[in-house]
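Structure, as structure tokens:
The values are calculated or read from the model by the stated rules, or taken from the named source; none is laboratory data. Everything numeric in this text was worked out from a predicted model, so none of it was measured. In this analysis, Cβ positions are derived from the backbone assuming ideal geometry, glycine residues included, and neighbour counts consider all displayed protein chains.
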Amino acid sequence: MLTRMNKLKRYLSMPFGAGIAGGLVVGVMGLVAIATGLIDTADDSPAPAALASATPLSEPVADGDALSAGEIFKRDGPAVAFIEAAQSGATDQTSPFGDPSGGGGVATGSGFLVDDNGTILTNAHVVEGSSEVTVRLGEDGDRLDAEVVGSDSSTDAAVLRVDASRVTASPLEFGNSDKAVVGDAVVAIGNPFGLDRTVTTGIVSGLQREISAPDGFTISNVIQTDAAINPGNSGGPLIDSAGRVIGINSQIATAGGGGGNVGVGFAVPISTAASVAEQINDDGTAEHAFIGISGADLTPSVAEAAGISGTTGALVQDVTDSSPADEAGLEAGEETVSVDGQEVLIGGDVIVAVDGEAIDGMDQVAGAVNAKAPGDSVELEVTRDGETRTVELVLAERPDQSGS
């Protein structure tokens, strides 16, 4: 099922401009944001500063440095937050688990302390639409009022801040999510179904996955884990065997209509979240580069169906009006063919290299764009009708929503 889901997402779109539909509930199996449902209930912060943990550590976990799950929980658990976000009404982010009548309540989720200034990272969908947010750190911590410094729907990351003078826990360290390897041991700590300070264990079961962000764009390089995460784990840390955060638990795959764990969870890499958090700390917002295309991988099967001589690259499937790609003259395919049970548009441009580096598929185009800022240039090598040309684009700022 997961392989089929990845094929579906790969063939249909990599949304920079026109994104896949579905918001927080997407895919064949159903990826759902893991904020818990609504429960019926009725300080001065320090100035923003650079995150103390903002530089991910690059050292791998040595055998002698690996900690047991119990040791990790004892060390890191006090810095994991139980978050309650009062809602004035139902929102898209809470609706998968929310009150079907659309009434208000309190959404619960998780987060974690990252510096000595009272800064807490969580998911944007945990605090989306909230009128009041409170945080409790550790088992015996006080309930603290939290300021939402800012959130970024494109990466599903949010920054909260509480009164640092009332925090006794030590901030969590960041690991290097770029160095994660399939099979690495991981621990998730959070508050599934409102059960605070719950720890589960597993491994990194996949890398370079793609999930839909709350605004419909794609979050790339996502970490897949089989550690049990459920509604309420949203925003909590995924931790390596040295006790360092490598991701923010954000979504799960579900096999049916329920929202429970089936052993396939997804965490936004901490390298992505930390970069966004730094921007939010600076001015309350984060910027992302925008090219204005969606695409599909060029595979040997697709190449044969399309009559294309090459077998690697990215087929342009859609070009957003007035986007950098549109202004540069990129063209989307117009003829629909069925390949391996999926429909693909052919006859348009095929991107074969980005900034002089040959690419295998659309995920590398995504990675190159995501690594840049609005105003940066990107050079694409593109083939059309057997001819190759080089196109230079100036990237724009991403709009608030994908064009799905």
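Applying the criterion of being at pLDDT 85 or above and either over 26 Å from Glu334 (Cβ atoms) or in the same structural domain as Asp178 (by TED's automatic domain parsing) (or both) to the residues of region 361-394, the residue that is surrounded by the most Cβ atoms within 10 Å (Cβ to Cβ) is Lys372. Comparison of Ala169, Ala228, Ala213 shows that the only residue that is crowded, with 21+ Cβ neighbours inside 10 Å and small (Gly, Ala, Ser) is Ala213. Considering region 328-404, the qualifying strands (runs of 3 or more DSSP E), each wholly inside and each with 1 or more residues that are charged (D, E, K, R), out of contact with any Pro (no Cβ under 7 Å at 6 or more places or on another chain) and over 26 Å from Ala213 (Cα atoms), run over 335-339, 377-384, 387-394. As a summary of the residue check, Gly129 satisfies the conditions (1) on the phi > 0 side of the Ramachandran plot; (2) modelled with pLDDT of 95 or more except for the one numbered (2). Taking region 315-327 as the range and being of a type outside the set (Val, Ile, Thr), surrounded by 18 or more Cβ atoms within 10 Å (Cβ to Cβ) and part of a loop (DSSP other than H, G, I, E, B) as the test, only Ser323 passes. Scanning region 181-209 for residues that are at pLDDT below 85 and either buried (at least 24 other Cβ atoms within 10 Å of the Cβ) or of a type in the set (Lys, Arg) (or both) yields a single hit, Arg197. A count restricted to region 262-301 and to residues that are closer than 19 Å to Pro171 by Cβ and of a type in the set (A, V, I, L, M) stands at 8.
For region 75-87, check the following and say yes or no: at least one residue is modelled with pLDDT of 85 or more and more than 18 Å from Gly235 (Cα to Cα). Yes, region 75-87 contains a residue that is modelled with pLDDT of 85 or more and more than 18 Å from Gly235 (Cα to Cα). When region 292-309 is filtered for residues that are assigned to a helix (DSSP H, G or I) and either of a type in the set (Gly, Ala, Ser) or touching a Leu at 6+ places or on another chain (Cβ under 6 Å) (or both), the ones remaining, listed by number, are Ser301, Ala303, Ala305, Ala306.
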